[in-house]
1. Taking 0.36 nm per residue of sequence separation and subtracting the Cα-Cα distance, how much length would be gained by fully extending the chain between LYS301 and SER319, in nm to one decimal?
2. Give me the extension gain from SER334 to LEU62: residue separation times 0.36 nm, minus the current Cα-Cα distance, reported in nm with one decimal.
3. For GLU312, project a label point 7 Å along Cα to C-beta. Then give me every residue of region 277-301 with its amide nitrogen under 15 Å of that point.
4. So for each of 140-148, 61-69 I average, over its residues, the number of other beta carbons within 10 Å; can you give me the resulting order with the highest mean first?
5. Counting only residues 5 or more places away or on other chains, whose amide H sits under 5 Å from the amide H of ASN256 once H atoms are built in the peptide plane?
6. Just grab the label-to-label distance for ALA248 and LYS263, each label 7 Å out from Cα along the Cβ direction, in nm (one decimal).
7. So how much slack lies between VAL106 and VAL171, counting 0.36 nm per residue of separation and subtracting their Cα-Cα distance, in nm?
8. Can you compute the modelled spin-label distance between LEU99 and ARG135, with each label point 7 Å from Cα toward Cβ, in nm?
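None of the figures in this text is laboratory data; all of them are computed from the coordinates on show. Given the structure is predicted, the values throughout are model-derived calculations rather than measurements. Here Cβ is always computed from backbone atoms with ideal geometry, including for glycine, and neighbour counts include all displayed protein chains.
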Amino acid sequence: MLFVPLPFVVSLLLTIVIVRMLSQRDETMTFEQRLFLLLVCAYALQSVLIGIRWGYDIRAILPAQAMLATFNAALAWVCFSSLASDSQPRLKQIGWHLLPALIVGVMMFAWRDAVGTAIILFFLGYGTALLWLARLGPNALVTSRLDGVLRSYRSLQITGWALVASALSDVAIGFDQTRNGGAYSGAIVAAGNVLALLILGSAASIASFDTSTDSERQDEEPLPEERGASEEDAQIVQSIDALMHKKALYKDLELNLSRIARKLGVPARRISNAINRIHGISVSQYVNNYRVEEACRLLQKTNEAITQIAFEAGFLTKSNFNREFLRVTGKSPSSWREEHRGIELRKAA
């Protein structure tokens with residue numbers, strides 16, 4: 001009977017994720033989407049290498065496995081940090097993150113005993129960096145579509161914790177190798193690293209789908225945190241209100257914080273701070289308030305299907321529409337329509 005290691009099954013599942021990412025793109029991929037696609041491909045390849053190493057005990061691939069694992073941690077940081085930057089990453093900036101993989105490759109031949117420690121440190125470093133980025137909240141992901149920014153943010157958190165967990169599993173493997181001669185290492189890999197790859201691949205896929213296709217960028221000036229709403233905050237929010245009312249910007253399915261910033265000529269961070277200080281909500285909630293308001297108007301005045309109304313109001317998915325509609329009105333769209341249609345009929349009578 002042919003033995004198929006679990007990592008190969010995970011690699012197959014990740015390949016399905018890759019096919020899905022490619023098939024659901026109706027237009028040219030952005031630079032960030034290509035990065036995420038590359039990341040999932042790298043995860044799939046890493047799972048194959050793990051299967052060859054632990055399934056068939058082929059140790060000749062250890063250098064490639066070690067280098068690819070380190071490269072994946074660095075690439076995960078590059079992918080998610082690109083969502084938090086209003087300027088497109090430069091190849092030179094990305095190139096610096098190839099150094100950890102090269103360092104591990106050299107160490108495999110020059111100082112193999114320290115490779116495990118180096119990989120653990122790199123994983124912990126990039127995992128901690130992702131979690132540090134996550135502390136800024138969903139609004140930090142300025143190029144992620146507002147309709148999906150929360151999913152991208154959750155993916156960021158999952159990836160950060162998964163890298164930290166992978167580092168800890170490597171510690172457990174090293175301890176097992178020293179204490180038990182590697183008797184449990186295969187099980188640790190199957191339960192830890194391999195499942196982590198599946199989780200990481202899914203997270204990268206979600207973040208990729210929620211990335212805006214907008215390709216125009218501008219440099220964003222980092223701003224210090226301020227306390228309390230200022231007159232400038234009020235003016236910024238007033239300008240955004242005007243955009244929403246006059247141009248119905250909320251109907252843009254690809255709308256993100258970066259695009260709003262360009263329309264106003266104001267840094268994205270300043271916009272998110274102003275909305276939070278004036279209204280006490282996130283940018284996505286602020287925009288969705290307008291979308292729900294438009295949906296209410298259509299529900300009351302037209303006979304269109306609720307799903308069609310959701311798309312016309314600017315929502316990309318029905319699930320997000322239902323969730324946000326409930327948050328704003330306290331009712332489901334169908335219940336709201338039935339109630340307010342009754343009010344209209346009573347007025348007419």
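1. Details: separation 18, 0.36 × 18 = 6.48 nm, distance 2.25 nm.
Computed gain between LYS301 and SER319 is 4.2 nm.
2. Values: separation 272, 0.36 × 272 = 97.92 nm, distance 5.78 nm.
Additional length available on full extension: 92.1 nm.
3. Residues 291-301 qualify, since their backbone N sits under 15 Å from the label point.
4. Values: 140-148: 26.1, 61-69: 18.8.
Result, highest mean first: 140-148, 61-69.
5. It is LEU146, by chain and number.
6. If labels sit at ALA248 and LYS263, their model points lie 1.3 nm apart.
7. Values: separation 65, 0.36 × 65 = 23.40 nm, distance 2.11 nm.
Fully extending the segment from VAL106 to VAL171 adds 21.3 nm.
8. Those two pseudo-labels are separated by 2.3 nm.
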